[in-house]
Amino acid sequence: MPKLTERERLTELETRRRKLLEEIEAARLSLRSRYAAVIQELPVETLTERELRELVQLSIQLGGAAALAALRPLLPSQSPGKKAAAPR
């Protein structure tokens, strides 16, 4: 196999980079679609759009574990093994 010239090598690398970027974007969109489906199952009507957006943004910035650790103590007391009922 003949050795590639620098120009050919650069073209090949650029092509690979473009394909990788497309794969990354496809994976990102797929993940976001799955998360959007999760949101559809939640009773978000109790929140304003701004509240929901801010909750999600802050949770992402803090990291899921830190956000959960901060929010869980705010829930009303519950007996072990039972989940709190969703507010209506």
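Structure above, values below:
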read-out	value
Estimated 222 nm signal from helices in the chain, with DSSP H stretches of n ≥ 4 weighted -39500 (n - 2.57), rounded to 500	-22000 deg cm²/dmol
Helix axis angle, 49-62 relative to the chain longest principal axis, alpha carbon, degrees	70 degrees
Accessible-area composition of the chain, carbon plus sulfur, in percent [1.4 Å probe]	60 percent
Neighbour net charge for Leu4 - beta-carbon separation under 15 angstrom, K R +1, D E -1	0
Heavy-atom accessible area per residue - the chain, 1.4 Å, Å²	100 Å²
Pair Arg9, Glu51: separation of 7 Å Cα→Cβ label points (nm)	5.9 nm
Label-point separation in nm, Val44 to Ala69, each point 7 Å along Cα→Cβ	2.7 nm
Gyration tensor verdict on the stretch 14-61 (Cα atoms; rounded if a/c is under 1.5, prolate if a/b is larger than b/c, oblate otherwise)	prolate
Relative counts (whole %) of C-alpha pair distances in the chain, using bins that are 5 Å wide	2, 10, 10, 16, 15, 10, 7, 6, 6, 5, 5, 3, 2, 2, 0
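The values are calculated or read from the model by the stated rules, or taken from the named source; none is laboratory data. These numbers were taken from a predicted model, which means no experiment stands behind them. With ideal geometry, Cβ positions are generated from the backbone for all residues, glycine too; neighbour counts draw on all protein chains shown. Heavy atoms of the whole protein, side chains included, go into the accessibility calculation; ligands, DNA and RNA do not. Shrake-Rupley method; radii C 1.70, N 1.55, O 1.52, S 1.80 Å.
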